Amino acid sequence: MRAKQYDAVVIGAGFSGLYMLHKLRERGLSVRVIEAADGVGGVWYWSRYPGAKCDSDSIFYNFTFSEELYKKWRWKDRYASQPEILEYLNFVADELELRSDIQFKTRVTEASFQEEEKTWKITTDTNEIIEAKYLISGMGCLSTTNIPPFEGVSLFQGEQYHTGRWPHEQVDFTGKRVVVIGNGSSGVQAMPEIAKEAKELTLLMRTPHYVGEARNHLLSKEQQDEAIANYKEIRDAFFTTPGGIRMFTTGKSATEFSAEQQKETLDYVWKTGALALGSAFPDIGVNKETNNVVAQYVRDKIDEIVEQPETAEQLHPDYYITTKRLIIGTNFYEMFNEDHVHIVSLKDNPIERIVENGVKLRNETIECDVIVYATGYEAMTGSLLKINLQGRNGQTIQEKWEKGRNVSTYLGLTMENFPNFFMITGPQSPSVLTNMPSAIEQHVDWIDQCIGYVESNGLQTIEAQQNAEIAWGKQCDDLANSTLFPQTNSWYTGANIDGTQRGFVIYVGGLDSYRKICDQVAERQYEGFTFEKAFQGIVKSSMQ
Ligand code: NA7
């Protein structure tokens with residue numbers, strides 16, 4: 001079979017893949033996007049569970065690279081729901097006429113670097129072979145679902161769903177006994193919706209989490225007009241803020257305020273909603289005292305809202321707030337005041353197995369008709385490790401990263417031994433600590449510029465140097481170790497998946513600082529990279 005040939009192959013047609021395709025096409029490259037689903041959207045194509053929403057204010061949850069595109073779209077909700085985000089991404093695909101270069105219902109199974117040709121050979125589950133000079137992962141950091149390896153899953157006689165792979169048809173919970181496993185963002189968003197229909201709803205909870213108020217509402221025509229008029233400010237936030245989003249902040253440590261002032265500030269945040277519990281006092285991630293002020297405020301709120309003191313106590317989180325992804329919800333704590341909603345702590349009573357009629361815990365069996373796994377994702381590395389990706393000399397990504405235990409990249413964008421391969425929002429980039437579209441635009445712009453450099457200099461390959469990779473890993477670790485983050489086991493560290501413990505794989509210095517570092521690397525002629533030039537051998541760009 002003859003291989004199809006392109007300049008670049010991009011894996012995934014979510015926010016990342018769509019924008020990457022647009023940029024490389026503008027550069028005049030031939031590009032093929034390979035997407036497993038039958039439509040665009042990426043994680044927003046799959047995560048159709050009831051209540052699914054983004055947790056950034058919608059007006060920031062879009063592309064800003066084109067003023068024209070930005071101004072053509074109006075969000076209906078303060079936090080766009082999954083159908084609305086999917087509609088938006090379809091709108092983008094149509095406006096930029098992207099579909100003709102996307103191959104749907106196809107999964108990349110293998111990709112190997114061909115030393116002689118200096119190209120990537122890509123194999124799909126449709127038995128096609130594609131060759132491309134550049135290979136770019138737009139698979140995102142939260143797309144491979146995590147169903148923990150519970151025994152007996154196939155024995156269950158009722159319905160089972162994962163929030164990240166929800167059916168397209170509406171699931172009817174009316175009159176049913178439902179068990180939800182997991183109370184991360186997905187579980188917290190889904191449960192109040194499921195509780196409206198279910199006869200019984202039981203949350204099986206391993207760790208209580210901090211849930212702030214979302215305060216979603218429809219955007220008025222005036223608010224939509226204002227968002228459109230504020231285009232420049234919104235775009236500016238992508239470039240100049242640590243999270244790529246404008247959030248409420250006092251700009252000071254909680255320790256600089258009296259107890260009354262702290263409460264006043266946090267009352268304001270609770271009333272106005274959003275993830276501002278994490279931004280009101282900027283030293284929350286490094287100062288235990290500030291952290292405790294905010295954490296205790298949420299625990300007090302739980303006591304105020306939840307009527308049964310034992311239930312309130314069960315819901316008290318005890319880790320450093322924001323060291324696991326902060327959650328915002330609607331009616332989450334209130335829901336536990338309803339008679340048909342229950343909570344079972346798995347702390348001393350873990351799940352033993354799934355049985356025919358429910359979930360068997362150490363001390364009891366919870367009978368149910370439906371099990372909802374809201375158990376999250378193999379975050380950060382899961383999707384990359386699922387592909388048989390082979391760099392130089394057949395080294396696989398599984399070998400390089402020791403199956404996820406020793407992740408190593410340069411800038412979270414590239415890797416030694418994997419020439420011309422790029423990751424969008426990869427591990428060791430700011431990724432999930434930012435508003436994702438902000439991070440994605442920065443990554444795609446940088447990769448596009450980098451490819452432009454390679455092309456205009458007549459180069460064959462660009463590849464991270466080992467010492468650059470080691471230095472980047474150290475910089476990420478040192479930054480993380482100066483914060484409270486590593487003190488909590490979370491999917492930031494891979495602790496949610498057995499055997500994936502791997503240290504901290506997010507650059508915690510903020511998107512604004514990260515952008516400066518990446519720009520500087522480019523300005524210094526791609527410092528820390530090695531190039532191969534046809535017929536002239538290897539060229540090294542120096543590391544200082
Ligand atoms: P998360 O945030 O990873 O949450 C997963 C939840 O599932 C969390 O409560 C986990 O408990 C729980 N979990 C995972 N494995 C198990 C096992 N084996 N037993 C019991 N409970 C388990 O995923 P989400 O989908 O909610 O959110 C992911 C991101 O997607 C979110 O931040 C948004 O950006 C969108 P744990 O806390 O690990 O004890």
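The values are calculated or read from the model by the stated rules, or taken from the named source; none is laboratory data. Because the structure is predicted, anything quoted here is derived from the model rather than measured. As a convention, Cβ positions derive from the backbone with ideal geometry for all residues, glycine included, and neighbour counts pool all protein chains shown. Side chains included, ligands, DNA and RNA excluded: accessible areas come from the protein's heavy atoms. Shrake-Rupley method; radii C 1.70, N 1.55, O 1.52, S 1.80 Å.
Tabulated values for the structure
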read-out	value
Added length on full extension, which subtracts the Cα-Cα distance from 0.36 nm per residue, Thr240 to Gln296	17.1 nm
Asn349/Asn127 FRET efficiency (R0 41 Å; Cβ-Cβ; nearest 0.05)	0.30
Descending Cα extents along the principal axes, segment 133-202, whole Å	55, 27, 23
Protein accessible area in the chain, 1.4 Å probe - carbon and sulfur %	46 percent
Value of D in µm² per second that Stokes-Einstein yields for segment 307-349, Kirkwood Rh from Cα pairs, at 37 °C (0.692 mPa s)	271 µm²/s
Quarter of Cα convex hull surface for segment 357-415, i.e. mean projection, nm²	6.6 nm²
Between segment 300-348 and segment 21-65, the alpha-carbon center distance in angstrom	33 Å
Hits among aspartates and glutamates - C-alpha to C-alpha of Lys386 under 15 Å, sequence gap 8 or more where chains match	Glu35, Glu110, Asp125, Glu378, Glu399, Glu402
Separation of the His342 and Thr396 label points, Cα + 7 Å toward Cβ, nm	4.4 nm
Cβ-based charge dipole, the chain, positive-most Cα from Gln475, Tyr6, Gly184	Tyr6
Between helix 185-195 and the chain: long-axis angle, C-alpha atoms, 0 to 90°, nearest 10	40 degrees
Stokes-Einstein diffusion coefficient of segment 229-278, Kirkwood radius over Cα pairs, 4 °C, 1.567 mPa s, in µm²/s	105 µm²/s
Charge-dipole axis of segment 303-379 as Lys and Arg at +1 and Asp and Glu at -1 on Cβ define it, positive-most pick from Asn357, Val306, Asn337	Asn357
Helix 15-26 vs. the chain, principal-axis angle (Cα, 0 to 90°, nearest 10)	20 degrees
Dipole magnitude of the chain about its Cα centre (Cβ charges: Lys, Arg +1; Asp, Glu -1), debye to nearest 20	1060 debye
Segment 313-445 - charge dipole about Cα centre, Lys and Arg +1 at Cβ, Asp and Glu -1, debye rounded to 20	780 debye
Over segment 101-141: Kirkwood hydrodynamic radius from C-alpha pairwise inverse distances, Å	11.1 Å
5 angstrom amide H check on Gly39, placed H, neighbours 5+ away	Lys105
Whole-percent pair-distance distribution, where bins are 5 Å wide, for the alpha carbons of segment 409-472	4, 19, 25, 25, 18, 9, 2, 0
Whole-number D in µm²/s for segment 126-280 (Stokes-Einstein; Kirkwood sum over Cα pairs; 20 °C, 1.002 mPa s)	104 µm²/s
Long-range Cα-Cα pairs in the chain (distance over 42 Å), rounded percent	20 percent
Members of Lys71/Lys271; Lys232/Lys540; Lys199/Lys347; Lys76/Lys199; Lys400/Lys533 lying beyond 27 Å, as alpha-carbon distances in this model show	Lys71/Lys271; Lys232/Lys540; Lys76/Lys199
Chymotrypsin sites (Phe, Trp or Tyr not before Pro) restricted to segment 339-442 and DSSP loop, no more than 15 other C-beta within 10 Å	none
Interchain or long-range residues, amide H under 5 Å from Thr461's placed H	Glu532
Folded to 0 to 90 degrees: helix 436-456 orientation relative to the chain principal axis, Cα	10 degrees
Beta bridge orientation in the chain: antiparallel %, DSSP, nearest 5	45 percent
Extension gain, Lys232 back to Lys118 (0.36 nm per residue minus Cα-Cα distance, nm)	36.9 nm
Cα gyration tensor shape of segment 29-130, rounded if a/c is under 1.5, else prolate or oblate by comparing a/b with b/c	prolate
Per residue, in Å², the accessible surface of the chain once ligands and nucleic acids are set aside, probe 1.4 Å	42 Å²
Which of Leu384, Thr265, Leu275, positive extreme of dipole for segment 254-384 (C-beta unit charges)	Leu384
Projected-area mean, segment 289-415, by convex hull of Cα positions, square nanometres	12.3 nm²
Label zone at Lys540 (point 7 Å along Cα-to-Cβ), backbone N below 20 Å, segment 367-408	392-393
FRET E, pair Gln103, Glu256, Förster distance 60 Å, beta-carbon r, rounded to 0.05	0.60
Theoretical FRET efficiency, 1/(1+(r/R0)^6), r = Cβ-Cβ of Ala3 and Lys403, R0 35 Å, to 0.05	0.75
